[in-house]
1. Treating segment A:338-407 as a set of equal point scatterers at the Cα positions, no solvent, please give the Debye-formula log₁₀ I(q)/I(0) at q = 0.14, 0.15, 0.27, 0.29 Å⁻¹.
2. Go ahead and estimate [θ] at 222 nm for chain B from helices alone: -39,500 (n - 2.57) per DSSP H run with n ≥ 4, summed, over the residue count, rounded to 500.
3. Only four residue types carry charge here, +1 at the Cβ of Lys and Arg and -1 at the Cβ of Asp and Glu. Report the dipole size of segment B:6-111 about the Cα centre in Debye, rounded to the nearest 20.
4. Can you give the angle from 0 to 90° between the axis of helix A:312-322 and the longest principal axis of chain A, with both taken from C-alpha atoms, to the nearest 10?
5. If you line up the long axis of helix A:449-465 against the longest principal axis of chain A, both from Cα atoms, how many degrees apart are they, to the nearest 10?
6. Please compute the Cα-Cα pair-distance distribution of the protein assembly as shown with 10 Å bins starting at 0, giving whole percents from short to long.
7. Could you state the number of Å between the C-alpha centres of segment B:53-102 and segment A:361-380?
8. Under a straight-distance cross-link criterion of Cα-Cα below 27 Å, which lysines are reachable from residue A:375, leaving out those fewer than 8 residues away in the same chain?
Amino acid sequence: MSVSCVQPKRIADQMYVSFDRARSCVRRLNGTHEIGCQSSTSGNSGRMYMIDNDQEFNSFITDTKLIDSYRSFIIALNVNLFTTSYVDKLMTSLGSKLNGLLLYLKSSSSRPDYFSQDDQSPNHRYSYYLNQTQVVNWNPQGNGLFFRSFPFPMMFIDEQEDYERLVKFYRQFNISQSTPTCGLELSTFQNAAHTSKTCIRRNGISHSLLDSSETMCDPVGGLNVYSKLPQSLTIAPKIRQPKSVILILAATDSFQMFLKEKGPTGGAQQPATALIIFLSLAHLIGQEQNEFNQQDKEIIFVTLDGDALDYSASFKFLFDMKNGDFPTGNRNEDPIRSEHIHSIIEFQSLSLTDKLSLYAYPSALANQTFIDTLKQNNPMIVSAMPDSPLPPASSQIFLRETSSSSFPVYILTSNHENELSNHYYHSFFDDPSTLAINISSLEYNSTTEFSQWVKLIVEPFAQTLIEYFVGSTKNVTIKQEIINNLVYCVLKNINCPLIHNVTNQTTGNAFDSFNETSLPFSINTYPTSPAVTSRFVQSILSYLLRDRMLDTMNLTEKACEQLSKNDSFRSYTYVGGYTPSIMSDAFFSGYCVRSYSRSVSSMSPAFTIDNYDLSQTTYPVWTESRWSTISLRLFIIPTRKHEIVTLVIGILLLSTSFVVCLILRYYTKISLLQPSSS
Amino acid sequence: MFTYPTNLKFEADNGCQFTLAINSYYEERISTETEEQWFRGFAFLPLLWLINFIWFFRQAFKVEPYPQQAEIRKYVIRSAIGTFIWCIIIIAWNIIFQQLRTRLGPAGDYLTFVVPRGYY
């Protein structure tokens, strides 16, 4: 006799069809507004109506009979119709009957040509933008919907199978008005409300002795990482010389209006391309460290996490710099202040284009020799007109906080006539296919057009840096393999051999849970979000800029630990070693890596300054709401007749059961039913 | 409330007749009870006054007069007035709080016992 384990099926589960891989829009707050979407606690439901094109849209808007016959609607809208005009028209004609919006993508080949919910002039909402008179629309196709507040939930189905299931049910049940129709339920309840100030205040309120306070929102922030060659340390009593530090900047975050727990976040053109170039350049600097160590200037590689929303990370970085906290760590290291900075180089919004624009600001401080050398070494680079408005870039904040009078900034970006080449700026459609990469066939060492393009940019750039700072002309080359590996790790799978080769056992194992995930670029909240991006970048950056003299020494793990005991400025780890970057002939089983890297919280200073009023606009105060469940379910709304019949049968059954019980009580002798004697 | 004889007439062995006023014990009790309840209600307990009023309403107004009834009536009426005043205060505070909760800023939030999630 066999006993089979039967999975009990609840009737409630059989009533709904869930779509687990849908993306949703969440609520975020800043000092004065709330943006994003909100649903009711138990979800927003309504009759589903699918609108696929403009004609269907117009016929729906004018069909007042249909709109009047239902109490609420969930509109399934083709993503090509997701523009301000359509959404506004829908909201005005349906009013409060619009209970939710579900966008769908029919197939990956039918994605719209432009899809960006960021503003036309990104990061320009407040006066954080450098005070330049001309407002340039860098992102002309941006519809700004990300920054609006919607009273209903919005979700997005981007998987083709999900779309086909949805259409199958819709076509099956939406024949005419009298047959049962499909209904959708969107549940994306967000805890935060009003403004960051209100929400942060409510985070700490708890009146009861038993329950602790409930956190409703988290400040936006992640980790800023910086690293440099470990041989150049300015330790007391040595004093740092003015204009002796060069900062190279890249971003590690982005945002998208629709996000999901486990899914690609976009960000291939911005910031992944810039980040890959940044890391490859770090490798070249590390490779040529003997040259760079001969001169007195330090090149510090800095990644900023949180600049997509009002440059929070840059503000924090400059705040730390003003307070003498850059670099953090041992107090004996002389802090870097604005007078020590020689120049800033930033890689921002790069795409696979054959021309790159170089912005240098202010023109009075920019060094023309440097610019000319850059252009001479790399004919792809075109310099912009002097003092032309800068694209959205973190450097703007560096200039703003130092009144543009201390150092020049050089921004390398891909744009054409004041328009960014990125059609999917800050949206999840910004994926590797926009870089001519076929992600499904990409291997760990595939050479792609993109990785060859990166090589063509990075080599002349490193060459220029050597010519300009060291003074010698040298042909530098980077192995194509290294760039291929970086591209694979960043865009396809961060659990790649590279990350395991450059980290020790424990750190490397932390990446196993991210197998087959690309490097996520989204809004991080500190400290709740895992911020795997910053850890990944820090591990690779510190390895690439390591002291290569130790590559020639066969050290044991114990010897490495011994070295770290005497050194409080640099970190020592024992790793397997990334072979393509090792120049020596001998290969050992393990290497001791001496590196200099720091990571600091990149939360806006507004959250760390005592008694700072969060409604002030000195610093950005973005927070992201917390939520518990996000679900999308489909169910069938029966016809009116069906509902009435069900109700009538129910009432009849109820009264029949009363009658039967009465009869049994008074006309039979069943003791269970008799009134009790006491 | 239970009924009880108002007067019990007894005839003693020696021929003396006397009436045992046993019910005055209960009426004394009721009178003291209303008075004590009235004082207890001052500890911000309007429900005690409400109960005082409802429970002893019959004794105060619906039963034939007896000596302690004036006292009882006095305290029952006072409890009724007290309850009414409390109702006004509570309703007024309820309306004020609901209107001003969001406008008061931090004060409104700190006064709220269960802070609303997801809404201002």
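Rule-based calculations on the coordinates, nothing more; no lab input. In this text, all values refer to a predicted model and were calculated from it rather than measured experimentally. Note: ideal-geometry Cβ built from the backbone for every residue, glycine included; neighbour counts use all protein chains shown.
1. Once normalised to I(0) and log-transformed, intensities are -0.44, -0.51, -1.46, -1.55.
2. Counting only the DSSP helices, I get -18500 deg cm²/dmol.
3. Computed charge dipole of segment B:6-111: roughly 640 debye.
4. Approximately 40 degrees, to the nearest 10.
5. 40
6. Each 10 Å bin holds this share of Cα pairs: 2, 11, 17, 18, 15, 11, 8, 6, 5, 4, 2, 1, 0, 0, 0.
7. Computed from Cα coordinates, the inter-centre distance equals 88 Å.
8. The reachable lysines, counting only those whose Cα sits under 27 Å from residue A:375, are A:228, A:243, A:297, A:355, A:455, A:474, A:479.
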